[in-house]
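The values are calculated or read from the model by the stated rules, or taken from the named source; none is laboratory data. Bear in mind the structure is a predicted one, so any value in this text is a computation, not a measurement. As a convention, Cβ positions derive from the backbone with ideal geometry for all residues, glycine included, and neighbour counts pool all protein chains shown.
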């Protein structure tokens, strides 16, 4: 029984499967993905902009599961990677190196060479990185990330543009960028930006685009411009929060793309990086209630949903809607203010603070909504906890295991015992 399951009911998320049955079969906690929702998000992005050379890059850092990567590729998305490990995963999922964009931050020469050897385009994030890349690949093609001077995001830790950020090259350093490129005979074929994550204020995003296009006019060899993205999703669905109007955004983007290409003298490719938008809503994280207690005035609901499973609430004070599922007895109309906490030995280990939910009992299963982005990809084995399994509800309703739950052997696998 779903005590407050309006969100998953509206999307038919579970497609007839029972959350309690799923955790019994695949373990708790458990990441559950819905293929139909994942594919729909891919398709909505692909068709959002009427410009004829429009590209959507999947951000693997949001979710790196190989099955989901393969689905994104099958829907026509390209990809952006931030490490050589992400490149390896994308190649394993079948992505063509020509469709991978390596957007770096303070990487080693070894990582640069890993991309160079595979024909993957590199984006330099600083003058020193551009110079190092020139030494590693003289005469090659390269992209440059600029800081457009504005930033946006739901938390200071995810704002990646404007002042006080480590990302990108400020416009004032344009002469140095050109000088370094000339020194190494590099051709700057693209420029890119990324102003932050969870963007819902489109006015700031559009301002950043205008600033980036002004920078683009300083280069005559461009093949593409990456506008960044980090599009937000409505995490407060239970309160009626509305989604981003993608078609309206796409029309605005197309206007700037056509206008710039006409002025530039040739049609450029324009890219976006929607980030969490593709995987976030495609997953619900299931966990089990194991303890309930009152400390002072607070009521704590103790679960197996520690920050080793979902880091976002602790790291960003992020909100996730929560549904409550119960077997057997009928639901009560009573609600209560509670704190949902995990099983990690840290006072900051929580999923939700002071949340009004249906009265919860031990044995209930909780569904943490919109957990598909920066959920499993940020999980850990801290406290020697086993990372959960990931399963996919296929479009036909069948269940596929797309990542097995950790075993104790996995915890010890890379630690040879040294006799002392």
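Considering every residue within segment 380-389, establish whether at least one is touching a strand residue (DSSP E or B) at 6+ places or on another chain (Cβ under 7 Å) and over 19 Å from residue 41 (Cα atoms). Scanning segment 380-389 turns up at least one residue that is touching a strand residue (DSSP E or B) at 6+ places or on another chain (Cβ under 7 Å) and over 19 Å from residue 41 (Cα atoms). Residues that are crowded, with 20+ Cβ neighbours inside 10 Å and more than 16 Å from residue 62 (Cβ to Cβ) within segment 224-236 comprise 225, 226, 227, listed in sequence order.
Conditions (1) over 24 Å from the mean Cα position of the chain (by Cα); (2) part of a loop (DSSP other than H, G, I, E, B); (3) in contact (Cβ under 8 Å) with a residue 60 or more places away in the chain, marked per residue:
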residue	(1), (2), (3)
8	no, no, yes
15	yes, yes, yes
24	yes, no, no
32	no, no, yes
41	no, no, yes
50	yes, yes, yes
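If you filter segment 116-132 down to residues that are closer than 19 Å to residue 223 by Cα and modelled with pLDDT of 95 or more, you find that the one that is surrounded by the fewest Cβ atoms within 10 Å (Cβ to Cβ) is 119.
Strands (runs of 3 or more DSSP E) fully within segment 265-344 that include at least 2 residues being free of Cβ contacts under 8 Å to residues at least 24 places away in the same chain and over 30 Å from residue 221 (Cβ atoms): 283-295. Consider segment 369-390 and keep the residues that are in contact with a helix residue (DSSP H, G or I) (Cβ under 9 Å, 6 or more places away or on another chain) and not in a loop (DSSP other than H, G, I, E, B). The one that is surrounded by the most Cβ atoms within 10 Å (Cβ to Cβ) is 390. Going by what's in this entry, would residue 212 be described as surrounded by fewer than 22 Cβ atoms within 10 Å (Cβ to Cβ) and in the same structural domain as residue 167 (by TED's automatic domain parsing)? Judged against the criteria, residue 212 is not a match. Per the conditions (1) surrounded by fewer than 19 Cβ atoms within 10 Å (Cβ to Cβ); (2) out of contact with any helix residue (DSSP H, G or I) (no Cβ under 6 Å at 6 or more places or on another chain); (3) under 26 Å from residue 232 (Cα atoms); (4) modelled with pLDDT under 95, the sole criterion not satisfied by residue 348 is (2).
Confirm whether residue 59 is touching a helix residue (DSSP H, G or I) at 6+ places or on another chain (Cβ under 9 Å) and buried (at least 22 other Cβ atoms within 10 Å of the Cβ). Considered against the rule, which asks whether it is touching a helix residue (DSSP H, G or I) at 6+ places or on another chain (Cβ under 9 Å) and buried (at least 22 other Cβ atoms within 10 Å of the Cβ), residue 59 comes out as yes. Per the listing 84, 28, the residue uniquely assigned by TED's automatic domain parsing to the domain that holds residue 124 and either surrounded by fewer than 17 Cβ atoms within 10 Å (Cβ to Cβ) or at pLDDT 95 or above (or both) is 84. Among the conditions (1) surrounded by fewer than 21 Cβ atoms within 10 Å (Cβ to Cβ); (2) at pLDDT 95 or above; (3) farther than 15 Å from residue 55 by Cα; (4) within 23 Å of the chain's Cα centre (by Cα), residue 281 misses just one, which is (1). Within segment 150-166, which residues are surrounded by 17 or more Cβ atoms within 10 Å (Cβ to Cβ) and modelled with pLDDT of 50 or more? 150 - this is the single residue of segment 150-166 that is surrounded by 17 or more Cβ atoms within 10 Å (Cβ to Cβ) and modelled with pLDDT of 50 or more. Residue 253 meets all of the listed conditions (1) surrounded by fewer than 16 Cβ atoms within 10 Å (Cβ to Cβ); (2) in contact (Cβ under 8 Å) with a residue 40 or more places away in the chain but one, namely (1).
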